[in-house]
Amino acid sequence: MLALHHSNSSSSPLIPRSSNGSRGEAVPGVALEMSQRGNLTASAVMVVVLPMTLGIVSNIVALFILANAYWLQRRRSKATFLLYATSLVVTDFMGHVIPGALVLKLYLSGGVQPEDSSASDGMCQFLGGSMVFFGLCPLFLGCAMAAERCLGVTKPLLHSSLVTSTRTKMCLSAIWLAALCVALLPYLQLGSYTYQDPGTWCFIQVLSDIHEADVAFVLLFSGLGLSSLAAAVVCNTISGLTLVLARIRRKPGSHHSAKSHDIEMVVQLVGITVTSCICWCPLLIVGLMSAIRSYTGSIGEDLPNYKILLVMGVRLATWNQILDPWVYILLRRTVLRKIYLIAKCQAGQGGNLFGCLDSTSPTESEKNEVNQA
C-alpha cells in the first residue's frame, strides 16, 4: 500500500472569462487552468511515487542484511527469529509493489468517479483484497514473532524442543493462508470491496450501503488486527520483564552472551510492535466505527469527516511497511554499540563528533561494557 492522494478536474477552480464574454480572450485562462491541473497531477503522483520508492529501497536493504545474517547465524533461536523477520520484510516489499502499482495506475487514469464505480470492478476487488491481505500479514507475523520470543525467553527448554525450522515454515504458511482466506471472503458474499473517496483506491465497504455482511467483515478484519497487536504487546511485555529480572538476579562475572541475543531480539520486537500500533490502530478503529455508524444510520453529517479519517488512516498504515525494515536495521547490536560508543566518546571529548568517529572501533572490554548496558 502507499500514500493516497488525488487531484482531478474538479480540484482546480475554473478561471472566469472576461466580462465581454469573448471566447478568444478565454483561451489564456483555460490554458492556465490546464497548466495548473497538470502541475497538481504531477505533484500528486510524486507524493505517491516517493513513499513507494522509499519503502521498496528500505525493504531491499533490510532483506539483504537479514539474508546475510540468517546464513551466518547458527543459533536456532536467532535463526528462527531471522526467518520470521525475513518473511515480514518480504511481505512488506510485496505490499508496496502490488497494491502500489494498481493505485498508481488509477492515479494516472484520473481515478474512478462514483457513477463509474463498476467500470473496473475486477481491479477494485483485487486491490481491496491485496490491501486486506498485506495489512493482516504483518500484524500476524509480528504477533507470531512476539509469541515465539516469549516462549524462548520464559521456557527455553520447551522452546528448543518445540520450535524447529520446519515448524516455523509451517507457521508462516498458515499465517499467509489465514490472511488470504480473510481477503477472499468478499468473493463468498461476506463483505465487499468498493472504491473509496477520491476514487483512487479500494477497501472494505464501510461508508455507504452497509449490510450485515459488511459489518461482520469489518469486525473480523479490525478484530483480528487489534487482537494481534494486543497479543504482541502482552508477549513482549512478558519477555521484557523476564529479561530484566534475569539481569537483576545475574551474579557478577557470570556468562551472559546468550541473554544479549535475547535482548536484541526483544528490543527489535518492541520497536516493530510500537510501530505497528501507531500505524495501524487508527485505520482499524476508524474503519470499524465508520461501518457501525453507517449501518445504524447515525453517521449523518459526519460522513465527510469519516472519509477524511479513513484516507488519513490508510496513509498512516502505509508507513508501517516503510518503517518496519528500519526498525530491524537500526536496532541491531552492531548499530546500537556504535551509537553507544559515539555518545560515550562525545561525552568524554566535549562533543567532538569527528574525533569520535575515528576512534569507535570497539575493544573486547568495550563490547562487554555495551552488553552490560
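Bear in mind these aren't lab numbers, they're just calculated from the coordinates by the rules spelled out. None of these values were measured; they are calculated from a predicted model. No Cβ is skipped: glycine too gets one built from the backbone with ideal geometry, and neighbour counts run over all protein chains shown.
For the range 256-315, trypsin sites (Lys or Arg not before Pro) are listed when DSSP marks them as loop and at most 11 other Cβ atoms sit within 10 Å of their Cβ; the list is empty.
Each of V286, A317, S298 was scored by the projection of its Cα onto the charge dipole of the range 65-317, and the greatest displacement toward the positive side belongs to A317; charges sit on the C-beta of Lys, Arg, Asp and Glu.
Highest average first, the peptides 213-223, 195-205, 162-172 ordered by how many other beta carbon atoms sit within 10 Å of their residues are 195-205, 213-223, 162-172.
Approximating the spin labels as points 7 Å out from Cα along Cα→Cβ, the E301-to-R250 distance works out to 6.1 nm.
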